[in-house]
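First comes the structure, then the notes that go with it.
The values are calculated or read from the model by the stated rules, or taken from the named source; none is laboratory data. Fair warning: this is a prediction, and the values are worked out from it, not measured in the lab. Glycine gets a Cβ as well: all are built from the backbone with ideal geometry, and neighbour counts include every protein chain shown. Only protein heavy atoms, including side chains, enter the accessible area calculation; ligands, DNA and RNA are left aside. Shrake-Rupley method; radii C 1.70, N 1.55, O 1.52, S 1.80 Å.
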Amino acid sequence: MLESTDNARKFYQIYSDIIKASKTPYIIIDTNHYAVSVPESKIDHVKDEITLSIHTAAIRGAHYQNNTLKFHATFDKISTEVIVPITAIKALYAKEDGIGIEFGEDNSH
């Protein structure tokens, strides 16, 4: 998971690169992280993670504050606020080619 400001910068640089290349950015989130808020029904409980598109067409009201990414997304026709501490992000990649970055484990649970 992301642990430092340097990794957060890497995250946003790669995210920007994926968007500029007209690709679809996805994140893998550790759902065991204490402050993650995502739809329970969408969690892969075997891996304790969720994979979400964070393309601008898939989310609304995205903002980054206090080391946390927050946005609204629609799941099963219901608008839901998603809260993802930056330290809960395990990976960021482009859907089309899988190119991205994987972040190591953290101990912030």
The residue from 94, 8 that alone is at pLDDT below 95 and within 15 Å of the chain's Cα centre (by Cα) is 8
Output the number of residues of region 36-47 satisfying the condition of being part of a loop (DSSP other than H, G, I, E, B) and surrounded by fewer than 14 Cβ atoms within 10 Å (Cβ to Cβ).
-> 3
When restricted to 18, 27, the only residue modelled with pLDDT of 95 or more, assigned to a helix (DSSP H, G or I) and surrounded by 14 or more Cβ atoms within 10 Å (Cβ to Cβ) is 18
Kindly indicate whether any position in region 84-101 is loosely packed, with under 14 Cβ neighbours inside 10 Å and part of a strand (DSSP E or B).
-> no
Would you point out the residue of region 71-81, among those that are open to solvent by less than 60 Å² (accessible area, probe 1.4 Å) and in contact with a Lys or Arg (Cβ under 7 Å, 6 or more places away or on another chain), that is nearest to residue 19 (Cα to Cα)?
-> 71
